[in-house]
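What follows is a single structure, written as structure tokens, with notes after it.
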Amino acid sequence: MSPLPRDFFARSAHDVAPELIGVTLLVDGVGGPIVEVEAYDQDDPASHAFRGPTPRNAPMFGPPGHAYVYRSYGIHWCLNVVCEEPGRAEAVLIRALRPESGLERMRARRGLERERDLCSGPGKLCQALAVTNEHDGLPLDAPPFELLARTGTPEVAAGTRIGLSVAADRVWRYGLAGSPFLSRPL
DNA sequence: CAGTGGATGCTCT
DNA sequence: GAGCATCCACTGT
């Protein structure tokens, strides 16, 4: 597998999101192919970028191809990849992946055995891959990150996003059709 | 299964 | 001071 092209993220999050399904994400060698993502753009009331730049969302207004990591509900971390429609702040939330590499490290970090539950949600995924605010703003084409292009063309399904109190009806969630590693079916 | 509620900390109003 | 881009344990069918 080869690294993603450098300009992969220099596009709208709506174009990038479905193409991330099947891309392998590794952090310090731990991870696997992405099976679920959600897109967020600047005109989106559910997006952290909606109300303009703040200290927290600064990476979203920075160059594409970098990580945006935020704390969720005071407990979990969530990982986004920053995209760039020219002049806009956009990102794709990585919600789930199929555990493939570093299974034992994932199990130890999660305190779980079941493979299906290791990375089936944004908070779980960050715990399994040990992603924290220390990764906020880091480039995705340099260690500890590794993104490997997919080899085939997976069947991508779309659905509504999860856990939102506004703009919950937008069909901006993408996943590998039928995968048992999704946070929820599509 | 489905539904409910608590944990917990930070950001922005 | 309110409100989270969540997860888990617990309840009740």
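Below, the figures for the structure above:
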quantity: Elements of type strands (runs of 3 or more DSSP E) in the range A:27-127, at least 1 residues being surrounded by fewer than 19 Cβ atoms within 10 Å (Cβ to Cβ); calculated: A:67-72, A:76-83
quantity: The range A:53-89 - residue that is more than 15 Å from the chain's Cα centre (by Cα) and basic (K, R) and, of those, farthest from DNA strand B (Cβ to nearest atom); calculated: A:R88
quantity: Pair list, Cβ < 8 Å and 6+ apart or interchain, from the range A:137-156 residues that are closer than 28 Å to A:N57 by Cα to residues that are modelled with pLDDT under 95 and charged (D, E, K, R); calculated: A:D141/A:R6
quantity: Residues (of a type outside the set (A, V, I, L, M), buried (at least 16 other Cβ atoms within 10 Å of the Cβ) and either within 16 Å of DNA strand B (Cβ to nearest atom) or part of a strand (DSSP E or B) (or both)) located in the range A:138-151; calculated: A:F145, A:E146
quantity: Checking A:L4 against (1) under 25 Å from A:A177 (Cα atoms); (2) touching a Phe, Trp or Tyr at 6+ places or on another chain (Cβ under 9 Å), the condition it does not meet; calculated: (2)
quantity: Identity of the residue in the range A:157-186, surrounded by fewer than 18 Cβ atoms within 10 Å (Cβ to Cβ), of a type in the set (A, V, I, L, M) and away from DNA strand B (no atom under 16 Å from the Cβ), that ends up nearest to A:R98 (Cα to Cα); calculated: A:A177
quantity: The one condition in (1) within 18 Å of A:N57 (Cβ to Cβ); (2) more than 15 Å from the chain's Cα centre (by Cα); (3) modelled with pLDDT of 95 or more; (4) not basic (K, R) that A:V92 fails to fulfil; calculated: (2)
quantity: Residues of the range A:66-111 satisfying the condition of being closer than 22 Å to A:G175 by Cβ and basic (K, R); calculated: A:R95, A:R98, A:R110
quantity: Among the candidates A:A58, A:A89, A:A46, residue that is of a type in the set (G, A, S) and farther than 19 Å from A:P139 by Cα; calculated: A:A46
quantity: A:L118 being of a type in the set (A, V, I, L, M), more than 12 Å from DNA strand C (Cβ to nearest atom) and in contact (Cβ under 8 Å) with a residue 12 or more places away in the chain; calculated: no
quantity: The range A:39-69 - residue that is in contact with a Pro (Cβ under 9 Å, 6 or more places away or on another chain) and under 19 Å from A:R95 (Cα atoms) and, of those, farthest from DNA strand C (Cβ to nearest atom); calculated: A:G65
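The values are calculated or read from the model by the stated rules, or taken from the named source; none is laboratory data. If you're wondering where the values come from, they're calculated on a predicted model, not measured in any experiment. FYI the Cβ positions are ideal-geometry reconstructions off the backbone, even for glycines, and counts take in every protein chain you see.
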